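A short write-up of the structure that comes next.
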Amino acid sequence: MINTKTIRIAITAVILAVITALYGIWLITEAPSYWETLLFVTLLFLLYVIAVIRFVPHLMTYFASGREPHLERIGDRTFRRCGMREIVKVVLLIMVFRSLQMLLTYLIHLKLFGYTDTFFRIQRIWLNFYHAQYCFPAYPLLSNAFWFVSFNFNHARFLASYLFAALGGAMLYYWVLCDHDRQTARRTVLYFFLMPAGCLLMGTLPDGLFIMFSLLSLMFARKHRFIVANFFAMLSVTTHILGVLLFVPCLIEFLQQLSSDMRGHQEEKRGYFLRQSISAISFLLIPAGFMLVLIYSNTLYGSSTALFRNVMDEFGYQVSSPFRSVANLCDRFLMAMHTRSGEILLYELGNTIPNLVYLLTGAILLVVSVGKIRTSYIMYMFFAYAAVLCTGTVLEIPRLLSLCAPFVLVLPVSIKNKWIHLGLYTFIFAGFILYLIAVVGGFTIYGV
């Protein structure tokens, strides 16, 4: 009989062989233009390899034992119930913080361009994010309901984004409390909204709604209520294509439950097979969400793929090898440094530096995450990171990685020293301000 160690080594070897082959093919067929590009891509390759080597044994141990021992330490969390008053307080604090961002927007615009318009007229920058031709159906349909408050569809979507982001933050807080203490939950919410890409939540984008739906899906999967979890995953798919990846953590949690039930002979109980069959069938809700997007696209544009083509054309999405996409970003950055000047240089740097920083940070968090958060969340991070890397010359990496909430959870879980957290808050907030300046100044794809 093959022992566990042999299986673990075999699985790890197969995964590493695939990653190495992709790296080798890229290196042979598309040699980088700059040696700095080679170094950066190689660094990401090595970090991903290290993350895989660390994660595979952890995953096998998880399925063998059916437990998350690192989340069962006594004293790491309180079990006091999270009430509505606590959630409302989180929502209000987030709304206040995002209102202050409006003031920052005005001050930055005033500094860059002088006095050109009034405070509220300048805030129109946040209304210009919405474009119906490449927006999935859930956001426009739900945000249009706010027309009854504003009697203006642009303002309605702004109000909806404002509220959805606050509710998404509250769901983030509640989701973290499922496994960790309140201090960790507060820090996670603070990190999420201080991250540079957090400033985009002010715009008329579906991100806040997606975060809310995806976290509800993860939370109900964590509670083993898979029908509800898959329903919210379906809603996530109708908000953003990355919602399809929620199939991964939901499936991991479902398989873990089945494994645990078999060890406890739960399958012998009456009605068990029927309940689990219904839960398994509910996973079809996720591809059903994708089908709803196709129907929506066909209804509006006469073609089921028109919406996807619009998105690909607008943001440069294209299926490619992961290392090619990173190399494209690096080459674009280095080319700008060598040949560009003035506003063109600022535009190129505003579109490349945040992407490269997020890619490197994401790879590091993948390595650190093993043994810190739930196994299903780590698997979700692996798939999300790989999916982002395989989208060609995409310039939305900060936004896309921010939509995968477990990335931000790794930081407060891994670091315990409050002074380190204070230093990170300061550093990340500086990045937030710089990215906000780039957006307001028109130095990113969002600001033009």
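Given DSSP loops and a limit of at most 15 other Cβ atoms within 10 Å, what is the longest stretch of the chain that contains no such GluC sites (Glu not before Pro)?
My reading of the result: 73-448 is the longest stretch.
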For region 101-148, what is the largest minus smallest coordinate of the Cα atoms on each principal axis, given in angstrom and ordered from greatest to least?
-> 38, 24, 16
What fraction of the Cα pairs in region 1-132, stated in percent, has a spacing above 22 angstrom?
-> 71
Check: C-alpha center region 155-222 vs C-alpha center region 89-145, spacing in Å is 17
Centre separation in Å (Cα based) which lies between region 361-431 and region 282-346 | 21
Relative to the compact-globule scaling 2.2 N^0.38 Å, provide the ratio for the alpha-carbon radius of gyration of the chain.
-> 1.00
Checking 381, 291, 195 against a Gaussian network model of the chain (alpha-carbon springs below 10 Å), the top fluctuating residue turns out to be 291
Taking only the alpha carbons of region 67-222, what extent do you get along each of the three principal axes, in Å, biggest first?
-> 58, 35, 27
Cα-Cα over 32 Å, subset of 269/372; 111/416; 5/418; 269/416; 111/372; 223/418 | 269/372; 111/416; 5/418; 269/416; 111/372
Between residue 25 and residue 259, what is the FRET efficiency for a Förster distance of 51 Å, r being their Cβ-Cβ separation, to the nearest 0.05?
-> 0.90
Descending principal axes extents, region 335-405, alpha-carbon based, whole Å | 46, 20, 16
Long-range alpha-carbon pairs in region 163-285, meaning those over 16 Å apart, account in percent for 64
Cα-derived Rg to Rh of region 264-372, Kirkwood definition | 1.21
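Just so you know, all these numbers are worked out from the coordinates, no wet-lab data involved. Just so we're clear, the structure is a prediction, and the values are computed from it rather than from any experiment. Reconstructed Cβ throughout: ideal geometry from the backbone, glycine too, with neighbour counts over all protein chains shown.
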